[in-house]
1. For the chain, with a Gaussian network of springs between Cα atoms less than 10 Å apart, report the residue from Asn207, Asn48, Asn285 with the top mean-square fluctuation.
2. Expressed in nm to one decimal, what extension gain is obtained for the pair Asn285 and Ala35 from 0.36 nm per residue of sequence separation less their Cα-Cα distance?
3. Given segment 115-299, what percent of its DSSP beta bridges are antiparallel, to the nearest 5?
4. Using 0.36 nm per residue, how much length does the chain from Leu22 to Ser83 gain when fully extended, once their Cα-Cα distance is taken away?
5. Which residue, Ser150, Ser116, Ser250, tops the fluctuation ranking in a GNM of the chain built on C-alpha contacts under 10 Å?
6. Using the alpha-carbon atoms, what tilt in degrees (0 to 90, nearest 10) does helix 20-30 show relative to the longest principal axis of the chain?
7. If you filter segment 73-128 for GluC sites (Glu not before Pro), then keep DSSP loop positions with at most 16 other Cβ within 10 Å, what is left?
8. Which ordering of Glu49, Glu151 is given by a fewest-first count of other beta-carbon atoms within 10 Å?
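What follows is calculated from the coordinates using simple rules that are stated; it is not laboratory data. Please read these numbers as outputs of a predicted model, since none were measured by experiment. We place every Cβ from the backbone using ideal geometry, glycine too, and count neighbours over all the protein chains shown.
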Amino acid sequence: MSRTSANKPAMPEAEIAIGSDLVRDLISTQAPQWASEEITYLATGWDNEVFRLGSELIIRLPRRVLGETIGAKERKWLPELASASGLEIGVPLFEGKPTSDYPFTFSICPFAHGSSAAEMKRRQRDAYAKEFSGLLKMLHQPAQPDAPASEFRGCPLDTVDARTRLQITQLATELQAPASKLWDEALAAEVYAGQPVWLHGDPHPHNTIVDDSGSQDSTVTLVDFGDLCIGDPASDLGMFWMHFSPAGISEAFDQYGAEPYSPIWRRSRGWGLRYAMLTAGLGPNDLLGIVGRETLGILLADSDSPAIAG
């Protein structure tokens, strides 16, 4: 067993139990205009429980304090991003308030129809490489100085150097040398000197919804803007390696207008390595864990190291 799988991240414990009865009470008392809509459980994330509200809405309810912080950030800044980019990005429609039974604010948001891209094979995801790249390019609009920054996304790579090198030591032994070489090359790339732009922050396949029903012009929608921040666009572009095959990666960068081995390309590859290491230790059947292990294999394919099987 590789050290990657031995260090599997665990989902944080919930700080509040959230059931359907609680959610229905919150809606009936605070948003009675939707009280007649069916409420069904949808998913549990690291920070939120998510329920369907009828056919067109979802309810995002923090399950721990960090989810409260994230929700407040989304409600404040997503309208600004939607205005700047012209994109439909699931701006919250309603803010729910804490009660004696539930201590956090919560959001009601539009529902994105489709399926998680993480459920698709990598070469299937290549079909939306150009659209995904164009979506990020539209999102990467210059941001105002007081918009939220992050010490984990969009920052100069040397900000995360120490923690990245620690992560590399936790990889399987045969992967450490090629990973260190790739990281050194990313650090040596010219630092981003442009105006900070808006970033999704975490546009991995599980935060990408693909609708192949033919019912709309756009087939790709980004969800979960919990890591929304500003900074170097290379941070988001690193996710090209998480989504696509080498052919799709090339197509995505070409659509964005970034040349292979240019500074932004090399910084992006460094971010791709970080994302792959952050997810590769998830369980053997975890879809994002499979994506992370595949990504490490692609990134390190030029070395003598074997690709990691999904």
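1. Asn285
2. Between Asn285 and Ala35, full extension yields 86.3 nm more.
3. On the way: 9 of 9 bridges.
Percent antiparallel among DSSP bridges in segment 115-299 is about 100.
4. Working: separation 61, 0.36 × 61 = 21.96 nm, distance 3.39 nm.
Here the segment from Leu22 to Ser83 would lengthen by 18.6 nm.
5. Comparing Ser150, Ser116, Ser250 in the GNM, the peak value goes to Ser150.
6. 60
7. Details: sites: Glu74, Glu80, Glu88, Glu95, Glu119; in loops: Glu88.
Loop-located and lightly packed - Glu88.
8. Glu151, Glu49
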